[in-house]
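Taking it in order: structure first as structure tokens, then the write-up.
The values are calculated or read from the model by the stated rules, or taken from the named source; none is laboratory data. Because the structure is predicted, anything quoted here is derived from the model rather than measured. Ideal geometry is used to build each Cβ from the backbone, glycine not excepted, and the neighbour counts take in all protein chains shown.
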Amino acid sequence: MQIEPNKILIIGARSKVAEALIRHFLSLTDWKLILLSSGFTSTVQVDRITCYPYDYNQSQHLTKIIQNTLPTFTINCAAVTDVDSCEIDRKKTWNINVNLVETIARICKITGSHFIHFSTDYVFDGAKGPYFETDIPNPISYYGKSKLASENVCLTSDVISTIIRTTVVYGSSSYSHSDFVDWVIKQLKKNIPFRVVTDQISNPTLTDDIAFTLIRIIDLHKKGIFNIAGFNWLSRFEFAQLIAQIFELDESLIQPILTSELSQKAKRPLKGGLLTLKAETELGVKFSTAEEGLRILKDQQINKLYQNLM
Ligand SMILES: NC(=O)c1ccc[n+]([C@@H]2O[C@H](COP(=O)([O-])OP(=O)(O)OC[C@H]3O[C@@H](n4cnc5c(N)ncnc54)[C@H](OP(=O)(O)O)[C@@H]3O)[C@@H](O)[C@H]2O)c1
């Protein structure tokens with residue numbers, strides 16, 4: 001008997017993380033992909049991919065798509081991720097970060113689709129990171145609170161689910177989702193000194209590593225919480241210095257500053273980051289060091305530049 005390839009539904013298909021998932025799923029698996037994004041304007045089918053435009057205010061549309069396509073796995077990458085704007089527009093944040101997750105969980109439970117949802121180390125207060133999957137969350141921002149609530153939806157709704165916690169994500173992107181690495185490179189290229197915090201510590205994560213790990217999670221049908229994060233635990237300041245070194249830009253432009261000196265709307269966990277022993281042992285994966293990740297990113301950017309010239 002021939003086994004049908006997995007059908008994977010990705011919600012928020014134009015997010016930074018989803019872009020890496022799609023790239024790797026297409027090159028490393030035979031899975032069929034169903035992609036939902038507010039950025040798509042019409043339904044398009046090409047080979048193994050079907051794209052649907054999605055309006056986040058129309059949950060009945062989502063129900064219809066899941067019931068019609070019956071995905072084996074449903075991955076939610078959609079979220080309001082700008083931590084400061086989450087403090088301001090709380091209604092929108094809750095609607096996308098929690099209510100949407102409730103809707104997905106409910107439909108996945110009915111259809112038997114395995115639900116994979118993304119979360120963050122911002123569910124912790126940053127008093128004593130990096131954190132294991134089993135550590136007790138205590139969010140200090142509205143973003144963190146909404147993401148913890150979304151985790152609780154998955155854990156209490158009796159759906160087959162996997163929660164992926166990750167942190168300071170960076171990677172190639174065709175859309176305009178700027179990450180910390182993009183921001184630092186942009187600032188360095190202006191050739192004007194700028195400030196980066198020395199007291200926010202975490203382990204920056206390459207989107208490609210998330211994609212490889214997700215393939216393992218899907219292949220092994222793993223459930224529960226998994227941390228996916230880069231190998232090095234370092235401050236934003238140290239990471240910015242490394243970015244300057246790898247991209248051969250002027251490191252002396254980066255000035256140290258403390259989080260307390262910035263008037264950011266949302267509180268940040270200071271000692272954040274995630275411990276990845278569970279993923280390494282149960283999934284047999286290894287995560288890139290910050291230096292390896294940045295070199296991969298640089299190669300990808302050079303290749304893209306080269307392809308554009310051809
Ligand atoms: N980026 C990080 O450093 C980081 C760290 C830890 C955890 N995470 C988690 O990982 C997941 C993916 O994050 P990401 O950084 O890849 O996301 P992202 O690039 O910021 O994209 C989020 C996507 O969510 C959808 N969306 C729906 N309503 C939105 C709204 N009101 N505002 C903004 N986006 C909205 C959009 O998808 P469409 O355009 O396709 O509709 C958007 O592209 C999220 O659950 C996030 O919480 C991210």
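Results, tabulated for the structure shown:
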quantity	calculated
Qualifying residue in region 184-191 (condition: out of contact with any Leu (no Cβ under 9 Å at 6 or more places or on another chain) and modelled with pLDDT of 95 or more)	yes
Residue within region 86-96 that is touching a residue at least 12 places away in the same chain (Cβ under 8 Å), in contact with a helix residue (DSSP H, G or I) (Cβ under 7 Å, 6 or more places away or on another chain) and closer than 27 Å to residue 215 by Cβ present	no
Extreme residue, nearest to the ligand (Cβ to nearest atom), among residues of region 20-37 that are assigned to a loop (DSSP other than H, G, I, E, B) and touching a Lys or Arg at 6+ places or on another chain (Cβ under 8 Å)	31
Residue in region 140-151 that is over 23 Å from residue 93 (Cα atoms), touching an Asp or Glu at 6+ places or on another chain (Cβ under 7 Å) and crowded, with 17+ Cβ neighbours inside 10 Å present	no
Identity of the residue in region 86-113, within 16 Å of the ligand (Cβ to nearest atom) and among the β-branched types (Val, Ile, Thr), that ends up farthest from the chain's Cα centre (by Cα)	88
Filter result for the condition that a residue is under 20 Å from the mean Cα position of the chain (by Cα), within 11 Å of the ligand (Cβ to nearest atom), buried (at least 16 other Cβ atoms within 10 Å of the Cβ) and not hydrophobic (A, V, I, L, M, F, W, C), over 175, 170	170
Which listed residue is touching a Pro at 6+ places or on another chain (Cβ under 9 Å), modelled with pLDDT of 95 or more and under 24 Å from residue 178 (Cα atoms), from 123, 98	123
Any hit, region 279-302, residues being part of a strand (DSSP E or B) and surrounded by fewer than 17 Cβ atoms within 10 Å (Cβ to Cβ)	no
Options 83, 17, 44; residue that is within 15 Å of the ligand (Cβ to nearest atom) and over 30 Å from residue 183 (Cα atoms)	44
Subset of region 190-235 that is without any contact (Cβ under 8 Å) to a residue 60 or more places away in the chain and of a type in the set (D, E, K, R) - its residue that is nearest to residue 260 (Cα to Cα)	190
Filter result (acidic (Asp, Glu), touching a residue at least 24 places away in the same chain (Cβ under 8 Å) and more than 11 Å from the ligand (Cβ to nearest atom)) within region 116-167	125, 133, 158
Residues of region 155-213 classified as at positive phi and out of contact with any strand residue (DSSP E or B) (no Cβ under 8 Å at 6 or more places or on another chain), total	2
Among residues of region 129-187, those that are of a type in the set (Val, Ile, Thr) and not in a loop (DSSP other than H, G, I, E, B), counted	10
Qualifying positions in region 1-54 - of a type in the set (Val, Ile, Thr) and under 21 Å from residue 115 (Cβ atoms)	8, 10, 11, 17, 22, 29, 34, 49, 50
Selection from region 188-222 of residues that are closer than 24 Å to residue 252 by Cβ and in a helix (DSSP H, G or I)	188, 189, 190
All positions within region 50-68 that are within 14 Å of the ligand (Cβ to nearest atom) and surrounded by 12 or more Cβ atoms within 10 Å (Cβ to Cβ)	51, 52, 53, 54, 56, 59, 61, 62, 65
